[in-house]
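Below is one structure; the comments refer to it alone.
Please treat every number below as a calculation from the coordinates, not as lab data. These figures come from a predicted structure and were not determined experimentally.
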Amino acid sequence: MKLRLRLIGLVAGLLLFSTLAWGAPPQNYILTYSYKEMGRETLTMTLKYYLHNGIKLRIDYLSTSGAVRMSKIFQQDKGLVWTLYSFSKQYQEQSLDQGAWDTVKGGFAFEWDWDQCQKTGETKLLNYPCDIYRMQKNGKTTTAYVAQGMNIVLKAESKENDKIVLTMEAADFRPEKAAASLFEIPAEYTKSQ
């Protein structure tokens with residue numbers, strides 16, 4: 001559970017890193033990230049991101065079978081966040097904090113300190129040229145592969161004591177518009193408190 005919470009923190013941080021470092025991501029994209037924790041042979045988690053017109057974002061948390069377990073829909077234009085639970089067909093609603101929006105809209109993120117960040121090279125991932133950035137802090141080394149001119153982190157890995165403890169990698173990235181219906185609450189869902 002502690003590692004899972006750290007993973008969620010890592011996700012929130014990389015989003016912040018991507019947004020602060022290079023400005024806004026594309027207005028529309030579909031992005032799938034695969035996460036793998038140290039010592040696991042299989043994927044730990046898969047997240048699918050959809051950004052629509054630069055003001056609506058959906059993140060699907062997928063099971064190992066690929067089914068959507070939970071979704072978060074961020075509606076900047078309405079100032080709301082909806083959390084949808086597929087197992088119960090219920091959702092919760094809360095106000096969208098602008099800081100949270102700025103963090104999540106850029107893709108993936110982790111705790112990043114610009115004073116300790118340096119560009120270490122370039123590579124290509126999913127046919128996109130990427131800049132490689134590295135940061136060392138508190139015994140951890142974090143490396144991010146950022147699509148040039150797209151402001152999206154396509155891969156990141158975190159190391160402790162020279163061993164990879166977590167890897168996030170985009171399995172799919174398409175700068176295209178998703179269906180508008182993905183950003184609304186399905187009719188069969190009921191609001192819970």
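Hey, what do the phi angles of segment 170-175 turn into as Karplus ³J(HN,Hα) couplings, whole Hz, using 6.51/-1.76/1.60 and θ = phi - 60°, x for Gly and Pro?
Per residue, the Karplus-derived 3J(HN,Hα) values read 6, 8, 7, 9, 9, x Hz.
Mind jotting down the distance between the C-alpha centroids of segment 71-96 and segment 133-167, whole Å?
When both Cα centres are located, 29 Å separates them.
Please list, in order along segment 116-124, the HN-Hα scalar couplings obtained from phi with the Karplus expression 6.51 cos²θ - 1.76 cosθ + 1.60 (θ = phi - 60°), rounded to whole Hz, x for Gly and Pro.
10, 9, 8, 6, 10, x, 9, 7, 10
Scan around residue 165 for amide H atoms under 5 Å from its own, H built in the peptide plane at 1.01 Å from N, and keep only partners 5 or more places away or cross-chain.
158, 159, 160
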